[in-house]
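One structure is given below, encoded as structure tokens.
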Amino acid sequence: MENQNNAPERKKRVFSGVQPSGTITLGNYIGAIKNWVALQDQYDCTFAMMDMHSITVRQTPAELRKHTLELLALYIACGIDPEKCTLFIQSHNSAHAELAWVLNCFTYMGELQRMTQFKDKSAKHADNINAGLFTYPVLMAADILLYQADCVPVGKDQMQHIEICRDIAQRFNAIYGNVFTIPEGLMVKSGAKIMSLQEPTKKMSKSDANPKAFISMMDDFSVIAKKIKSAVTDSEAVIEYRPDDDAKAGVNNLLSIMAVMTGSTPEQVAKDFEGQGYGTFKAAVADAVVEGIRPIRAEYDRIIKDKAYLQDIYRSGAESAHRMASRTLKKVYKKVGFVID
Ligand code: AQP
């Protein structure tokens, strides 16, 4: 790629990540990871395992470590190529915590109080409303801004956090000049918010207390089929896609899942199943999900055994991540008036 002065232009940058706060759900896959695969040829991509974000909710240490490595193996099994992308563990690059501190001083309490995720998670974890949960969006802003990311592919639930990240970056730039690239959120048209199978007006979440509510990418295929077959729908017994009708939330969700897994649209899937019963439809959705996950699981089972390979990837990933991030951090420290050694 060259500009008018024949100088090579840098590829646009993408940053994203998932918290290893449990086993990854079909929602994380459809809303985020699946879309990263399509971006890796066109963009300079950095994807992380966001372990620092995970501890805003209590984690069992051994489980967190296990989930972090599983997540890396899953990224690769889903098609993320470590030769093309930087893959690293967030806590391996201390620049995230350092920039987050600076950005905390440019973020207002009122802004953070408006964040839906903070409200939801404080209601869910009323015994542990910690300051990290409150400032989660600031750490997320640091994650993105450190890499001067142009695009951040995320599910719908994270768009509010992208907005606050843009506000913080613009505020900082207005004071100190062009320090940060202002990132755009990148959201898929279909599947940006996969809903709980048991309460379809709620997002599917890996930390849901009811395992029937989510499909884990690690579930046995028979369990996946069972969960889809017992998904909550409605008593209307009509397969129609009505995205604005909460009474139809369960069916809408299954139509969206089927559409993504078969490369169709929810409207088309609804047409394909017109006049059929929910039982037949659910069985077809279960098949589509299982067949979509099957090759990923085969790859995953192979990769997770190779601990040395995974270690090589996250170590070299941390080096590149550190190199990229330290340029931004140094600039920020200089701008705010820290003595640069
Ligand atoms: N249900 C979903 N539908 C579509 N996209 C989703 N994402 C999460 N849930 C859905 C997207 O997955 C990426 C990683 O999310 P995360 O793990 O960092 O945090 P989260 O959004 O809080 O995901 P969970 O599964 O709900 O985790 P817990 O239960 O730990 O809070 C993001 O791009 C997100 O949009």
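Computed from Cα positions, the angle between helix 95-104 and the longest principal axis of the chain comes to roughly 90 degrees. Could you tell me the calculated FRET efficiency between R242 and N104, based on Cβ-Cβ distance and R0 = 45 angstrom, to the nearest 0.05? The value I calculate is 0.55. Anisotropy class assigned to region 211-301 is prolate, per the alpha carbon gyration tensor with a/c at or over the 1.5 cut-off and a/b larger than b/c. Ordering L112, H322, A73 by Cα displacement along the dipole of the chain toward the positive end leaves H322 in first place; charges were set at the Cβ atoms of Lys, Arg (+1) and Asp, Glu (-1). Could you calculate the contour length gain from S222 to F338, that is, 0.36 nm times the residue separation minus the distance between their Cα atoms, to one decimal place in nm? Value of the extension gain: 36.0 nm.
Amide H contacts under 5 Å for M49: F88, I89, Q90, restricted to partners 5 or more places along the chain or on a different chain, H placed in the peptide plane at 1.01 Å from N. Each residue of region 226-235 was assigned a 3J(HN,Hα) from its phi angle through the Karplus curve 6.51 cos²θ - 1.76 cosθ + 1.60 (θ = phi - 60°); the sequence is 5, 4, 5, 5, 9, 5, 6, 10, 7, 9 Hz, with glycine and proline shown as x. Structural size metrics of region 86-145, computed from C-alpha coordinates, are Rg and Dmax of 12.5, 37 Å. Projecting the Cα atoms of P61, T46, V18 onto the dipole axis of region 10-71, where Lys and Arg carry +1 and Asp and Glu carry -1 at the beta carbon, places T46 farthest toward the positive end. Subtracting the Cα-Cα distance of H125 and S320 from 0.36 nm times their residue separation leaves 66.6 nm of extension gain.
Taking amide H as placed 1.01 Å from N in the peptide plane, the amide H of F214 sits under 5 Å from that of L197, each at least 5 places away or on another chain.
If the convex hull of the alpha-carbon atoms of region 61-189 is projected onto planes in all directions, what is the mean projected area in square nanometres? Over all viewing directions, region 61-189 projects a mean Cα-hull area of 9.5 nm².
For the peptides 147-155, 179-187, 117-125, 84-92, residues were scored by their other Cβ atoms within 10 Å and the scores averaged per peptide; the highest-first order is 147-155, 84-92, 179-187, 117-125. Simple point charges give the picture: +1 on the Cβ of Lys and Arg, -1 on the Cβ of Asp and Glu, and for region 208-341 a dipole about the Cα centre of about 1040 debye. Run the numbers on the chain and let me know its relative contact order in percent, using alpha-carbon pairs under 8 Å that are six or more apart. Across the chain, relative contact order equals 21 percent. Overall, the chain carries a charge dipole of about 720 debye about its Cα centre when +1 sits on the Cβ of Lys and Arg and -1 on the Cβ of Asp and Glu, all other atoms neutral. Remark on the chain: C78, C105, C151, C165 stand apart, with no other cysteine beta carbon under 4.7 Å. Tell me whether region 182-243 comes out rounded, prolate or oblate; compute the Cα gyration tensor, take square roots of the eigenvalues as a ≥ b ≥ c, and use a/c under 1.5 as the rounded threshold. Because a/c hits 1.5 or more and a/b fails to exceed b/c, region 182-243 counts as oblate.
Evaluating 6.51 cos²θ - 1.76 cosθ + 1.60 at θ = phi - 60° for every residue in region 21-31, the Karplus couplings come out as 8, x, 7, 5, 9, 4, x, 4, 5, 6, x Hz, glycine and proline recorded as x.
Can you classify region 35-92 as rounded, prolate or oblate using the Cα gyration tensor, where a ≥ b ≥ c are the square roots of its eigenvalues, rounded means a/c under 1.5, and otherwise it's prolate if a/b beats b/c and oblate if not? Prolate. The length gained by stretching the chain between I175 and N210 to full extension, at 0.36 nm per residue less their Cα-Cα distance, is 7.9 nm. Averaging 1/r over each pair of different alpha-carbon atoms in the chain and inverting the result gives 21.2 Å, the Kirkwood hydrodynamic radius.
Read-outs: derived from the displayed coordinates by stated rules, not from any lab. As the structure is a computational prediction, the values presented were derived from the model and not from experiment. Every residue, glycine as well, gets a Cβ built from its backbone with ideal geometry; the counts of neighbours run over all protein chains shown.
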